[in-house]
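Structure record follows, encoded as structure tokens.
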Amino acid sequence: MRSNQPAQASAARVESAFAKGPQKKWRAGVLGATGIVGQRLVNLLADHPWFALTEVAASERSSGRTYAEAVQWHLEAPIPDAARDLAVKGLETDLDCDFVFSALDSSVAGSAEEDFARAGYPVVSNTRNHRMDPDVPLLIPEVNAAHLDAIPLQQKNRGYDTGFIVTNPNCSTAGLVLVLKPLADAFGLEKIFVVTLQAISGAGYPGVASMDIQGNVVPFISGEEEKMEAERFVDAGLGLSAHCNRVPVVDGHLECVSVGLKKIASLDEVREALRNFEVDSELASLPSAVRHPVVVLDEEDRPQPRRDVNAGNGMAAVVGRVRECPLLDVKLTLLSHNLVRGAAGAALLNAELLAARGFLKHRVTPSESPLAEPVSR
Ligand code: NAP
């Protein structure tokens, strides 16, 4: 079971060390920076108070070009100035940064992430490749921050020195677990039945062919149901069945969920447990955190992707239509931003927690080393 524990001591440490922000920003690299998730990361890193983007890496198709030349930019905000002229590198492990985010295609992520961890870089991953490794934290800070305790074990098991890998969950699991966590704490969970309606941006770019998705629904997303049924956060013994569908929506995964509870609860008690879900002071002090990560709407036709996907800067799960379920106990509809809460924003929050807990170090660059040759003028 991956559970959360209060972290009073570290909360106090974070508040005192970061009250005015860190003295020196950590330098971040993004592997897979040209992809749909990578560009969200590049966007979220612009003006970040703790991190500065110094490296972008991608495939041979992109390396050697500037970021602005290589990327097919999809966001409304322009490419951040700090990223435009960065040279896109390959996956060589000599990047000038303190840690890397991985938004790589899963065909290359597994070995590349291990290579970077072995070379001393903390790797904050969005990919599925190492999620189920028992010594790799599969992290949602609001749910199981204590799982970071696995990092020293991972380093020992794998012979890593300062490097390690931390992952975030599948994009549909991310929103679901945020909503299940307060229900598990208040009432206990027995069974979950979930039907997803997942946005096309969840398939990367170019993703599903327009001929397949325009005016259509595709009732199959390879590997998705298995991932949702395997990534257990709230209760290892929980029965969970998932049906996953691709729908013609750009951003935002909607999920229709029926829940069996261990304790009888009224609908008002369920709504109250969701509304009262609040992060502790350690998490609240992280730049990307939202104090109440679950937003409950009372309108009978919400949440809707177009209207609600950016709630809490894309970091909240939005719940509506809480009602009785004739088969299980309660049913509801939830929405979360697959590219923010389900990917880039989640990775950023994970990195912030790592920084706050002292897991990120400032690597010495060749130019800063006391052994560096003096520059002759
Ligand atoms: P994407 O748009 O297809 O981007 C893939 C990235 O990987 C690109 O930067 C691409 O570089 C790079 N890449 C591909 N082959 C490579 C190689 N051989 N060597 C080096 N780099 C290579 O995919 P995405 O949607 O951003 O997803 C990225 C990762 O996040 C995937 O593992 C995905 O499963 C995971 N994820 C995605 C979402 C989502 O909602 N989209 C949510 C959670 C997790 P080029 O541009 O140079 O080809």
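Out of all DSSP beta bridges in the chain, what portion is antiparallel? Express it as a percent rounded to 5. Present the calculation step by step, with values, prior to reporting the outcome.
On the way: 22 of 53 bridges.
Around 40 percent of the beta bridges assigned by DSSP in the chain are antiparallel ones.
Amide H neighbours of VAL295 under 5 Å, at least 5 residues apart or on other chains, H built in the peptide plane: list them.
Placed amide hydrogens put ALA317, VAL318, VAL319 under 5 Å from VAL295.
Read phi for every residue in the stretch 62-76 and hand back ³J(HN,Hα) as whole Hz from Karplus 6.51 cos²θ - 1.76 cosθ + 1.60, θ = phi - 60°, with x for Gly and Pro.
Karplus-based 3J(HN,Hα) across the stretch 62-76 equals 9, 5, x, 9, 6, 4, 4, 6, 7, 8, 9, 6, 10, 8, 5 Hz.
Please compute the length gained on full extension between VAL108 and ARG323, using 0.36 nm multiplied by the number of residues separating them and subtracting their Cα-Cα distance.
This chain segment gains 73.1 nm when fully extended.
Amide H to amide H, which residues 5 or more places from GLY32 or on other chains are under 5 Å from it, using H placed in the peptide plane?
Correct list: ALA57, ALA58, ALA103.
At 7 Å along Cα-to-Cβ for each site, give me the label-to-label distance between CYS256 and ARG65 in nm.
4.2 nm
Compute the helix-to-body angle for 171-187: its Cα long axis versus the longest principal axis of the chain, expressed 0 to 90° and rounded to tens.
The answer is roughly 50 degrees.
Taking the chain as the reference, fit the longest principal axis to its C-alpha atoms, fit the long axis of helix 36-45 to the helix C-alpha atoms, and give the angle between the two in degrees, 0 to 90, nearest 10.
It is inclined by approximately 70 degrees.
Among HIS74, HIS130, which comes first, second and so on when ranked by fewest other beta-carbon atoms within 10 Å?
Exposure proxy ranking, most exposed first: HIS74, HIS130.
Order by neighbour count: ASP298, ASP212, fewest other Cβ atoms within 10 Å first, most last.
The most exposed by this proxy come first: ASP298, ASP212.
Going by alpha carbons, how many degrees (0 to 90, nearest 10) lie between the helix axis of 106-118 and the longest principal axis of the chain?
50 degrees
Determine, from the Cβ-Cβ distance of ARG306 and ASP94 and an R0 of 45 Å, the FRET efficiency 1/(1 + (r/R0)^6), rounded to the nearest 0.05.
About 0.55, to the nearest 0.05.
Got a sec to turn the phi values of the stretch 126-142 into Karplus ³J(HN,Hα) couplings, 6.51 cos²θ - 1.76 cosθ + 1.60 with θ = phi - 60°, whole Hz, x for Gly and Pro?
My calculation for the stretch 126-142 gives 9, 8, 7, 4, 10, 4, 9, 5, x, 9, 10, x, 9, 10, 10, x, 5 Hz in order.
Let me have the 222 nm mean residue ellipticity of the chain computed from DSSP H runs of 4+ only, each contributing -39500 (n - 2.57), with the sum over all residues rounded to the nearest 500.
Using -39500 (n - 2.57) per qualifying helix, the result is -8000 deg cm²/dmol.
Limiting things to C-alpha atoms, what are the Rg and the maximum Cα-Cα separation (Dmax) for the chain, in angstroms?
Rg then Dmax for the chain, in Å: 20.7, 80.
Since every read-out is calculated from the coordinates, none of them should be taken as a lab result. Here the structure is a predicted model, which is why all the values come from computation and not from measurement. All Cβ positions, glycine included, derive from the backbone under ideal geometry; neighbour counts span all protein chains shown.
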